[in-house]
Structures are given as C-alpha cells and as structure tokens.
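Contents: one structure, followed by commentary.
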Amino acid sequence: MAIKNATDQDFAQEVSDGLVLADFWAPWCGPCKMIAPVLEELDAEMGDKAKIVKIDVDENQETASQYGVMSIPTLLVFKNGEKVDQVVGFQPKEALAELLNKHA
C-alpha cells in the first residue's frame, strides 16, 4: 500500500477505517526527513495490516491544531477513526512497528 498524503479536507476519511499511522510533518523539518524512509519501509512490511498517511502541518493547520500537534514529527495512531496512541519525534522502525502491532 502506498503512503497517502492527506489534507484538512480528507484527513477524517483517511483515518476512519482500520489501523492508520498519521505522520504530521513539514518539508523544512530535519527529523521529518529522517523518518520518511523509515515510514516507507514500515509501509512495505505492514502491508494491509496498517495504512500510513502523511499530513503537511504547514498546509493543513486545521487538522494539526485539532489534534494538538505542537512539535513535529508527531505520529498518531488511529483505529477506526479513534485516536488510540501518539509518539513525538524520530522513532526507529522497530518502535513504530511495535506501536502499530499493539493496536492491530
């Protein structure tokens, strides 16, 4: 499954079904750039078990403020539209896989 870029308009729809990892990021953020390839690998490994959605906080401030995102990268885990977990800052792939598997 490819990583999807969400917007304020379609974010709720993107996280409404199943297990979703939402990456709140910005193009100027160093740790966000570091975590991008980690998310690509994780996406390939998780397959259909989980979906990964990226949302640019500069372009989608409404969603970022709705979820109280103060620093990036912030990764929120959603299960069927409900926020069930959150981590802030760069995370190794193993930690992110564990985070998702905890809610699978």
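The values are calculated or read from the model by the stated rules, or taken from the named source; none is laboratory data. Bear in mind the structure is a predicted one, so any value in this text is a computation, not a measurement. Cβ placement follows ideal geometry from the backbone for every residue including glycine, while neighbour counts extend to all protein chains displayed.
A few remarks follow.
- Hey, residue 8 in a loop (DSSP other than H, G, I, E, B) and in contact with an Asp or Glu (Cβ under 6 Å, 6 or more places away or on another chain) or not: yes
- Within region 48-102, the set of residues being part of a loop (DSSP other than H, G, I, E, B), closer than 17 Å to residue 3 by Cβ and not hydrophobic (A, V, I, L, M, F, W, C) comprises 59, 60, 73, 91.
- Any chance residue 16 is touching a Gly at 6+ places or on another chain (Cβ under 9 Å), surrounded by 12 or more Cβ atoms within 10 Å (Cβ to Cβ) and at pLDDT 95 or above: yes
- Test: residue in region 81-104 that is in contact with a Ser or Thr (Cβ under 9 Å, 6 or more places away or on another chain) and on the phi > 0 side of the Ramachandran plot: yes
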